[in-house]
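The values are calculated or read from the model by the stated rules, or taken from the named source; none is laboratory data. Predicted model only: the values in this text are computed from it and were never measured. Positions of Cβ are backbone-derived with ideal geometry, glycine not excepted, and every protein chain shown enters the neighbour counts.
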Amino acid sequence: MDPRLRSQNGCMVSAMTPASSTRRSRKGATLLQLCLGISVGMVLIGAIVPALQRRARAGRTAEAVDRLALLYQHTQTYWAGQQVGPVAPARSTLHNLPASTPLTPAIVPAGHAVTDPPETWTSPTWNALEFRFEDSHYYAYQFDSQGERTTAAFTARACGDLDGNGIASTFERAGRANGRLELESPDGLWISHAME
């Protein structure tokens, strides 16, 4: 006789658990698995989203690094007395720097990219250095210069507020003339609050 069967009033009845109770336990296990899956998913999302946001902001900092490198290169060209862009300087630029110019645009972009009106980048300094933006950007730029020939020095600066919290990140590239009238940048790139 099959051990799974038992006699009840002369009829053979299955000793197994009724199918309905088996289904209930399966539903419970499925619901439990679903809850665990959702919990694990939420923990992963909670860890991944901030990392992706940091990575996106770090990608935006590349704008400041790349544009300051370009500005430094154009400043060296100007210093050497060569024409940077299609507009020739009005005076000899040999071993001189263009004049200082204020933060452009005047308000630091906060939390989003900005597109400037065409007249934003038309100062004599930005024209001399052939520096402008025709597309959107996350930083405002400034050029400070002083002295002439062996006392000449400059600082190119990018300021931005990537997360819009009111704390600006600052990137600077400075240079100065040496005794051989060469521009050098011994300190490289200086960064403060890169991810702000």
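Within the range 88-106, identify whether any single residue is on the phi < 0 side of the Ramachandran plot, exposed (fewer than 10 other Cβ atoms within 10 Å of the Cβ), modelled with pLDDT of 85 or more and in a loop (DSSP other than H, G, I, E, B), and answer yes or no.
Within the range 88-106, one or more residues are on the phi < 0 side of the Ramachandran plot, exposed (fewer than 10 other Cβ atoms within 10 Å of the Cβ), modelled with pLDDT of 85 or more and in a loop (DSSP other than H, G, I, E, B).
Could you figure out which of (1) polar (S, T, N, Q); (2) more than 20 Å from Ala62 (Cβ to Cβ); (3) not in a loop (DSSP other than H, G, I, E, B) isn't true of Thr170?
Result: Thr170 fails condition (2) only.
Identify, by number, the condition in (1) of a type in the set (Ser, Thr, Tyr); (2) in contact with a Ser or Thr (Cβ under 9 Å, 6 or more places away or on another chain); (3) under 17 Å from Arg67 (Cβ atoms); (4) touching a residue at least 40 places away in the same chain (Cβ under 8 Å) that Ser145 doesn't meet.
Of (1) of a type in the set (Ser, Thr, Tyr); (2) in contact with a Ser or Thr (Cβ under 9 Å, 6 or more places away or on another chain); (3) under 17 Å from Arg67 (Cβ atoms); (4) touching a residue at least 40 places away in the same chain (Cβ under 8 Å), only one is false for Ser145: (3).
For Ser192, are the conditions met, namely being farther than 30 Å from Gly81 by Cβ and of a type outside the set (A, V, I, L, M)?
yes
Return the residues of the range 148-167 that are touching a residue at least 24 places away in the same chain (Cβ under 8 Å), more than 18 Å from the chain's Cα centre (by Cα) and either part of a strand (DSSP E or B) or under 19 Å from Asp116 (Cα atoms) (or both); say none if nothing qualifies.
Ala153, Phe154, Ala156
So which residues in the range 109-122 are surrounded by fewer than 19 Cβ atoms within 10 Å (Cβ to Cβ) and either in a loop (DSSP other than H, G, I, E, B) or within 19 Å of the chain's Cα centre (by Cα) (or both), if there are any at all?
Ala110, Gly111, His112, Ala113, Val114, Thr115, Asp116, Pro117, Thr122, listed by residue number.
Taking into account only those residues within the range 173-194 that are free of Cβ contacts under 8 Å to residues at least 12 places away in the same chain and not in a strand (DSSP E or B), which is surrounded by the most Cβ atoms within 10 Å (Cβ to Cβ)?
Glu182
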